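Chemist: Right, I'll just put the structure down here and ask away after.
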Amino acid sequence: MRIILFGPPGSGKGTQGDLIEKAYGFLKISTGDLLRRAVEDQTPLGKKAEVLMNQGKLVSDEIVEELVRQRIASPACRPGYLLDGFPRTIAQARSLEAMDGKRPEVVIEIDIDLTALVERLRNRLVCSRCGAIYNLNLHRHRREGKCDACGGPLHQREDDKPGVIKERLRVYKEQTEKLRDYYQRKSVYRRVDGSGSIEDVFQRIAILINAEVAKQTQTRALG
């Protein structure tokens, strides 16, 4: 099975993806992580991405899609996987289906009030070394200015600053409204309330995943 998580910036996709991976064993695939690793390893795709990033340009769909293609082709993804940050557009959704079209999928949107979302983003800190995410209100780090996992320095991302948040939300809304409709027409779209604690949101997501796993198990038994 394939799980696709989407939601606005700061909705908790990364955190929930980690919890899903731990609970269900679906390998989490984050396009941000794939890009960072490719750049660090100086792979051919990583070098192309680095040039664009250094020029302040967006990494092309072709590069992102090829990174995803390579990852989902790995043996670790055969039992199932979870996508965080991909697809972002209908074109990417169709590209994903071309890569792995026969796999059953469920698309879960984490929906959250915009006022709460802006507050969450303003209080988010990210580890410069390992990418772990903390929040001064929801998931606070234990050591001042340091990551609990690796001890790396924490910082606020440039795109989490108040002046940038509004534009990020506008772009998200513009891109994902069509994507939401696309998956609704396929009858694989589900929505969860993203408010409350991390544990509360995970329990809501778990109910949906459990239902989908049971359905797929039944389908295989009948098939």
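Chemist: Tally the DSSP beta bridges in the chain and give the antiparallel ones as a percent, rounded to 5.
Modeler: Antiparallel bridges: around 30 percent, rounded to the nearest 5.
Chemist: Kindly rank 167-179, 81-93, 57-69 from highest to lowest mean number of other beta carbons found within 10 Å of each residue.
Modeler: Values: 167-179: 13.7, 81-93: 20.3, 57-69: 16.6.
The peptides rank, most packed first, as 81-93, 57-69, 167-179.
Chemist: Quick check: Cα centre of the stretch 1-55 to Cα centre of the stretch 186-223, how many Å?
Modeler: 21
Chemist: Another question, if that's okay. Tell me the mean residue ellipticity at 222 nm calculated for the chain from its helices only (DSSP H runs of n ≥ 4, each -39500 (n - 2.57), averaged over every residue, nearest 500).
Modeler: Rounded to the nearest 500, the figure is -16500 deg cm²/dmol.
Chemist: Could you work out how much longer the chain between D159 and R191 gets when fully extended? Use 0.36 nm per residue separation minus the Cα distance between them, nm to one decimal.
Modeler: Extra length available between D159 and R191 comes to 9.0 nm.
Chemist: Short version: what are the Cα gyration tensor semi-axes of the stretch 74-223, square root of 5 times each eigenvalue, largest first, in whole Å?
Modeler: 31, 20, 16
Chemist: Heavy atoms only, probe 1.4 Å: what % of the accessible area of the chain goes to carbon and sulfur, would you let me know?
Modeler: Answer for the chain is 52 percent, counting heavy atoms of protein chains only.
Chemist: To continue, here is another question. Tell me, what is the percent relative contact order of the stretch 127-223, built from C-alpha pairs under 8 Å that lie six or more residues apart?
Modeler: 16
Chemist: Report relative contact order for the chain in percent, whole number only (criteria: Cα-Cα under 8 Å, sequence separation at least 6). Please list the in-between numbers first.
Modeler: Numbers: 287 pairs, mean separation 57.2, N = 223.
Dividing the mean separation by the residue count of the chain yields 26 percent.
The values are calculated or read from the model by the stated rules, or taken from the named source; none is laboratory data. Computed from a predicted model, the values in this text were never measured in an experiment. When we count neighbours, we look across all protein chains shown, and the Cβ atoms used for this are built from the backbone with ideal geometry, even at glycine. When the accessible area is computed, the model is the full protein with side chains, heavy atoms only, and any ligands, DNA or RNA have been set aside. Shrake-Rupley method; radii C 1.70, N 1.55, O 1.52, S 1.80 Å.
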